[in-house]
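Undergrad: Structure provided below as structure tokens; questions to follow.
The values are calculated or read from the model by the stated rules, or taken from the named source; none is laboratory data. Computed from a prediction, not measured in an experiment: that's the story for all the values here. Glycine gets a Cβ as well: all are built from the backbone with ideal geometry, and neighbour counts include every protein chain shown. Accessible surface is based on the protein model in full, side chains and every heavy atom, while ligands, DNA and RNA are left aside. Shrake-Rupley method; radii C 1.70, N 1.55, O 1.52, S 1.80 Å.
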Amino acid sequence: MPNRLAGSTSPYLLQHVDNPVDWWPWGEEAFAEARRRDVPILLSVGYSACHWCHVMAHESFEDEATAAIVNANFVAIKVDREERPDVDAVYMEATVAMNHGQGGWPMTVFATPDGEPFYCGTYYPSEARRGMPSFRQVMYEINKAWVDRNDEVRRTGLQIATSLAAPRDLHTEGDAPTAEDLDTALTLLAREYDRVHGGFGDAPKFPPSMVLEFLLRHHARTESEAALEIAQETCEAMARGGIYDQLGGGFARYSVDAAWVVPHFEKMLYDNAQLIRVYTHLWRATGSEFARRIALETADFLVRELRTPEGAFASALDADSPDAEGKSVEGAFYAWTPAQLVEVLGEADGTWAARVFAVTEEGTFEHGMSVLQLLDDPEDVERLTDVRARLLAAREERARPGRDDKVVAAWNGLAIAALAEAGTLFSRPDLLDAALAAADLLLAVHLGGDEDDELGDRLVRTSRDGRPGPNAGVLEDYADVAEGFLALYAVTSDDAWLTFAGVLVDVVLGHFVDEDGAFYDTADDAEELFRRPQDPTDGVTPSGWTGAAGALLGYAAHLGSEDHREAAGRALGLVRMLAARAPRQIGWGLAVAEAWLDGPREIAVVGPRDDDATWALYLTALMSTAPGAVVAMGDPAEESPVPLLRDRPLVDGLPAAYVCRHFTCDAPVTDPEQLAEQVLAKAVARA
């Protein structure tokens, strides 16, 4: 019989709905049941695209005998970390603390009926091996301790929870980073830069999207060739490696090696959204056709494979899929042998493709399979295009990886920003339309209002099939959706998107900030955990802290609002401290700090909307590489609600552009070339 997960909006939880384990969703009912039975909580946290989560589920949670032990001795709670990042964060902190700095997923936590963790780990095999106890052994020892030393176990849980809940000094009283601080960050990044393979550090290697954005902004502000070189070389190395899908576009989550050859094959919305923006900005800064191709191929992948019927974007594609024998295998959808290439393409083209895509008899992956790479562009571009199309068509006949089709507000915000910019800069209105459709879904479902269809001001974290999930939005949701709405305002000049962004940033100031200016990841009226999560460092996405700083700064630039700007500045005080210690962990914060130092520049374009000269100035403004520059366009004959556009007349009857910092403006210009110089644009639009 299906368990209590059957009503969930999480595909990950629904994968466990027929387990013999008597799973409970996270909620007070589960903890009340544990108190009633006086048994510990078994908390299992994972996500749909997690390979080892699937392994542990198959080995243990689908096993009747193991499930009987779980059901007899614990109340089992299953959590999707992408739905409840707050729950994941506080228990992962406990897991890392108890395991010498190591953590991961699946996360396996044993806690008191009040939720206080006393024993934490990750994956446990069904049979003991390589020094790891089996899951059954762990449960046996936990149950024995609970029965024989109950008071001691409870004290341990309370001590751990109390220790983790202790206040932290997050240095919110410091100043925002100076130019010297950002130079120091670049110096530290250069030391960690892998000059052979690109990227930073050793394996495993994750795409450093936010650091790349910082490097591009730093180059724009300072003309640092070192910053641009690191960004260019890393972008090229990733896009030529196996981490990039050479047939269908899009990036996998990370590379298991230092050379970007073999990926961990799941494809995440958040990675691809951020990388679309990075490659678009690299093209904007350099005119690189390679960067343009990767940006567009990745955007096309996003729309083709992650777009939901309701118009938003699904979270991820799994790493695993059925192979030719029907066995679920990691990478089966993406890897090839030379013989398979010949089978699809014929002898001549198959042999040529094996050479071009670095497919060997030995294999670069497992079992003689290779992940396609494109280390150099062949001279015969038409042949490459034809071969790629034929291989992609053949691959479509394979069993596809599963898709986690829940919609996460924050990640859709990142996708909206990326597609809005790419669609506009590359003259792809279909991509802009996709961004608008996703934004409409967020408004209707995630920010849905009352019975009279009045929009609310509080976000829901996730939805599925157009149905909102039960969990409140966290700080990153408000920050990243506001960022997406600000990007839409820039490219559409539709005042509504600026208004919606304002609603979200004001909720941030009203519910996520303490009296010292420090941000929390959950609202002040959210469910209480044993600690209110608060992590300012960037992970695979901008932290809520740095994302909020960026959205506040961009919104302030449109309105001339000192309150919003000061809040951003207080948040950047912590970035200054981390810039000198761990710049790779604060990449988006550094990117926002570049915008802070540059102003950011506020570009107001005024003129009739049907005048080609207005559009030439507007499109040139959007080509600005100035860090975090904001762009507004309006007709001075219409009264604008946007302060940046007020009192900006035409010049001698001609459309004009005003470039300002803190609402102090240079003399207006009517020539796109002059505007390009003022806003660091590398290309000029013509009327």
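Undergrad: Hey, which of the strands (runs of 3 or more DSSP E) in region 570-663, taking only ones fully inside, have at least 1 residues that are open to solvent by 60 Å² or more (accessible area, probe 1.4 Å), under 23 Å from G484 (Cβ atoms) and not small (G, A, S)?
TA: Numbers: elements: 602-606, 630-634, 656-661.
Qualifying strands (runs of 3 or more DSSP E): none found.
Undergrad: Find all pairs meeting these conditions: Cβ atoms under 8 angstrom apart; at least six residues apart or on different chains; first residue within region 342-362 and under 12 Å from L384 (Cβ atoms) and at pLDDT below 95; second residue assigned to a helix (DSSP H, G or I) and open to solvent by 30 Å² or more (accessible area, probe 1.4 Å).
TA: Sorted first by the residue in region 342-362, then by its partner, the list stays empty.
Undergrad: I'm trying to understand the selection: among the residues of region 325-372, which are under 20 Å from H264 (Cα atoms) and open to solvent by 60 Å² or more (accessible area, probe 1.4 Å)?
TA: K327, S328, E362, E366, H367
Undergrad: Can you list residue pairs whose Cβ atoms sit under 7 Å apart, with the first residue in region 84-105 being closer than 24 Å to A409 by Cα and touching a residue at least 24 places away in the same chain (Cβ under 8 Å) and the second being among the acidic types (D, E) and part of a loop (DSSP other than H, G, I, E, B)? Count only pairs 6 or more apart in sequence or on different chains.
TA: Final answer for the pair search is D86/D521; A89/D521; A89/D535.
Undergrad: Now, a different point. Suppose we filter A549, A479, A518 for residues that are modelled with pLDDT under 95, out of contact with any Lys or Arg (no Cβ under 7 Å at 6 or more places or on another chain) and under 16 Å from A568 (Cα atoms); which single one remains? Break it down stepwise before answering.
TA: Details: A549 fails: modelled with pLDDT under 95; A479 fails: modelled with pLDDT under 95.
The match here is A518.
Undergrad: Something else about it: Could you please find all residues in region 458-495 being open to solvent by 20 Å² or more (accessible area, probe 1.4 Å), of a type outside the set (A, V, I, L, M, F, W, C) and outside any loop (DSSP other than H, G, I, E, B)?
TA: R464, R467, P468, E476, E483, T492, D495
Undergrad: Another question, then. In region 145-176, how many are among the charged types (D, E, K, R) and surrounded by 17 or more Cβ atoms within 10 Å (Cβ to Cβ)? Reasoning before the result, please.
TA: The initial filter retains those residues of region 145-176 that are among the charged types (D, E, K, R), namely 148-149, 151-152, 154-155, 168-169, 173, 175.
Checking which are surrounded by 17 or more Cβ atoms within 10 Å (Cβ to Cβ) leaves us with 154.
Within region 145-176, residues that are among the charged types (D, E, K, R) and surrounded by 17 or more Cβ atoms within 10 Å (Cβ to Cβ) number 1.
Undergrad: Moving to a separate point now. For E305, indicate whether it is touching a Gly at 6+ places or on another chain (Cβ under 7 Å), assigned to a helix (DSSP H, G or I), open to solvent by 10 Å² or more (accessible area, probe 1.4 Å) and farther than 17 Å from T424 by Cβ.
TA: On the way: touching a Gly at 6+ places or on another chain (Cβ under 7 Å): no; assigned to a helix (DSSP H, G or I): yes; open to solvent by 10 Å² or more (accessible area, probe 1.4 Å): yes; farther than 17 Å from T424 by Cβ: yes.
In short, no.
Undergrad: So in region 496-552, with the set limited to residues that are surrounded by fewer than 17 Cβ atoms within 10 Å (Cβ to Cβ) and in contact with a strand residue (DSSP E or B) (Cβ under 8 Å, 6 or more places away or on another chain), which one is farthest from A472 (Cα to Cα)?
TA: Among those residues, the one meeting the criterion is V540.
Undergrad: Of everything in region 76-117 that's among the β-branched types (V, I, T) and in a strand (DSSP E or B), which residue is nearest to L158 (Cα to Cα)?
TA: Step one: list which residues in region 76-117 are among the β-branched types (V, I, T), which gives 77, 79, 87, 90, 95-96, 108-109, 112.
Still in the running and in a strand (DSSP E or B): 77, 79, 108-109.
On the way: I77: 20, V79: 22, T108: 18, V109: 14 Å.
Only one residue tops the list, namely V109.
Undergrad: Look at M98 and say whether it is more than 25 Å from R461 (Cα to Cα) and touching a Cys at 6+ places or on another chain (Cβ under 7 Å).
TA: Numbers: more than 25 Å from R461 (Cα to Cα): yes; touching a Cys at 6+ places or on another chain (Cβ under 7 Å): yes.
Against the criterion (more than 25 Å from R461 (Cα to Cα) and touching a Cys at 6+ places or on another chain (Cβ under 7 Å)), M98 qualifies.
Undergrad: Tell me which residues, restricted to region 218-240, are open to solvent by 20 Å² or more (accessible area, probe 1.4 Å) and part of a helix (DSSP H, G or I).
TA: Answer for region 218-240, where residues must be open to solvent by 20 Å² or more (accessible area, probe 1.4 Å) and part of a helix (DSSP H, G or I): H219, R221, T222, E225, A226, E229, Q232, E233, E236, A237, R240.
Undergrad: Same structure, new question: State all residues of region 11-54 that are without any contact (Cβ under 8 Å) to a residue 60 or more places away in the chain, surrounded by fewer than 20 Cβ atoms within 10 Å (Cβ to Cβ) and part of a loop (DSSP other than H, G, I, E, B); if no residue qualifies, say none.
TA: Across region 11-54, the qualifying residues are V17, D18, P20, D22, G27.
Undergrad: Right, something else. Within region 177-203, track down each residue that is within 15 Å of G573 (Cα to Cα), touching a Lys or Arg at 6+ places or on another chain (Cβ under 8 Å) and crowded, with 18+ Cβ neighbours inside 10 Å.
TA: P177, D181
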